[in-house]
Amino acid sequence: MSVRTAVKRAEKLLSEYRVTAPPIDVESIAEKLSIDIQYEPFDGQLSGVLIRDKDTDTYVIGVNKKHPENRQRFTIAHEIGHFLLHEGHNTHIDTAITVNFRNSQSSNGTRNEEIEANAFAATLLMPEEILEEYIEENFDGFIDYNDDKQVQTIAEDFGVSTQALMIRLGKLNWFE
């Protein structure tokens, strides 16, 4: 697997579900993939978890409901990325299930699977074409990254944090 493959898979998913405008409805995408979302107050730095019980074809994304909504959305997108891209790790709790966890180390991007899931999530939540169209229509194709209000408006409209938006814009070479 590679980041490029993760990005292509997110773009394909957006195309399959005919997503054309922000904010991307990640809950609806999860539902279409037969993934249930459960919001729970996790302790510590745990943002989310993907649980797969292949024996019963049950798939659940657990999301830390203590976190801000934009972080919850990123967690859901990240876990959808794991669902589509990675096998998961076996855990035995009366039955064999596979699990992917998203915690504070996930955002550091030190493991290939986490880097790929983060790239998938960023592409899913802030698709390049939709982001470009939005910026063209609303800001004449120019972003002043020193304009906190402008950056905050874009982030809110896409349902992401300003940090996630700035990272995505940087990766798309908007600041050259």
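The values are calculated or read from the model by the stated rules, or taken from the named source; none is laboratory data. None of the values given here were measured: they were computed from a predicted structure. Glycine also receives a Cβ, built like all others from the backbone with ideal geometry; neighbour counts cover every protein chain displayed.
Data for the structure
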{"quantity": "Residue, surrounded by the most Cβ atoms within 10 Å (Cβ to Cβ), within the range 140-175, restricted to residues that are in a helix (DSSP H, G or I) and touching a Pro at 6+ places or on another chain (Cβ under 7 Å)", "calculated": "158"}
{"quantity": "Residue that is farthest from residue 87 (Cα to Cα), among those in the range 39-57 that are within 16 Å of the chain's Cα centre (by Cα) and not hydroxyl-bearing (Ser, Thr, Tyr)", "calculated": "46"}
{"quantity": "Failed criterion for residue 5 (all others in (1) under 13 Å from residue 125 (Cα atoms); (2) part of a helix (DSSP H, G or I) hold)", "calculated": "(1)"}
{"quantity": "Any hit, the range 37-56, residues being closer than 23 Å to residue 163 by Cβ and among the aromatic types (Phe, Trp, Tyr)", "calculated": "yes"}
{"quantity": "Candidates 110, 91, 123, 95, filtered to the one that is of a type in the set (S, T, N, Q) and either closer than 13 Å to residue 48 by Cα or at pLDDT 95 or above (or both)", "calculated": "123"}
